[in-house]
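Take a look at the structure below.
Since every read-out is calculated from the coordinates, none of them should be taken as a lab result. Bear in mind the structure is a predicted one, so any value in this text is a computation, not a measurement. Every residue, glycine as well, gets a Cβ built from its backbone with ideal geometry; the counts of neighbours run over all protein chains shown.
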Amino acid sequence: MSRNGVVTLRAVTDGRSALRLSRRYDAAPSEVWAALADLDRWLAPPDGVTVRRAEPERRLELDWRPDGEPPSEVVVELRADGTQTIVVIEHTQIEATRGMRYIAAWGRAFERFEPAR
């Protein structure tokens with residue numbers, strides 16, 4: 001697995017922000033998807049997080065509604081790049097005061113994530 005990644009936090013409107021993280025893995029999309037689809041394995045989502053839509057080996061959409069937080073959305077996209085896969089997580093509609101905490105939380109999730117082999 002590669003640890004190379006890019007993180008962007010941007011202000012949106014109405015006190016909300018958006019977060020985008022990307023990382024490259026030395027694995028095929030099928031291997032990355034097999035691990036990604038097991039949310040408890042790498043994400044350990046809080047109560048209130050549900051899968052809205054899944055397109056195997058391409059895209060995962062989550063409704064993010066933990067107790068005590070305004071609702072937000074998470075989209076995880078996989079893109080093949082030769083023999084590697086680029087994973088992009090975009091978390092939008094985050095309450096601005098929580099943005100920096102989510103950078104750290106998603107960083108930890110990426111650290112736990114390993115493609116299935």
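For this structure, a couple of remarks:
- Test: residue in segment 59-66 that is aromatic (Phe, Trp, Tyr), in contact with an Asp or Glu (Cβ under 7 Å, 6 or more places away or on another chain) and either under 13 Å from THR85 (Cβ atoms) or touching a residue at least 12 places away in the same chain (Cβ under 8 Å) (or both): yes
- Test: residue in segment 9-24 that is surrounded by 14 or more Cβ atoms within 10 Å (Cβ to Cβ), closer than 20 Å to PHE113 by Cα, more than 15 Å from the chain's Cα centre (by Cα) and not aliphatic (A, V, I, L, M): no
- Residues of segment 42-58 classified as surrounded by 14 or more Cβ atoms within 10 Å (Cβ to Cβ), without any contact (Cβ under 8 Å) to a residue 60 or more places away in the chain and within 21 Å of GLY5 (Cα to Cα), total: 1
- Scanning segment 15-41 for residues that are in contact (Cβ under 8 Å) with a residue 12 or more places away in the chain and acidic (Asp, Glu) yields ASP26, GLU31.
- Selection status of GLU90, under 19 Å from ARG16 (Cα atoms), charged (D, E, K, R) and in contact with a strand residue (DSSP E or B) (Cβ under 6 Å, 6 or more places away or on another chain): yes
This table checks each residue for (1) at negative phi; (2) surrounded by 16 or more Cβ atoms within 10 Å (Cβ to Cβ); (3) touching a helix residue (DSSP H, G or I) at 6+ places or on another chain (Cβ under 7 Å).
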{"position": "GLU73", "(1), (2), (3)": "yes, yes, no"}
{"position": "VAL76", "(1), (2), (3)": "yes, yes, yes"}
{"position": "GLY82", "(1), (2), (3)": "no, no, no"}
{"position": "ILE86", "(1), (2), (3)": "yes, yes, no"}
{"position": "HIS91", "(1), (2), (3)": "yes, yes, yes"}
{"position": "ALA96", "(1), (2), (3)": "yes, no, no"}
{"position": "MET100", "(1), (2), (3)": "yes, no, no"}
{"position": "ARG108", "(1), (2), (3)": "yes, no, no"}
{"position": "GLU111", "(1), (2), (3)": "yes, no, no"}
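- From the list GLU90, GLU114, GLU69, the lone residue that is among the acidic types (Asp, Glu) and touching a Leu at 6+ places or on another chain (Cβ under 8 Å) is GLU90.
- Restricting the search to helices (runs of 4 or more DSSP H) fully inside segment 24-117 and requiring at least 2 residues that are closer than 20 Å to ASP14 by Cα gives 99-112.
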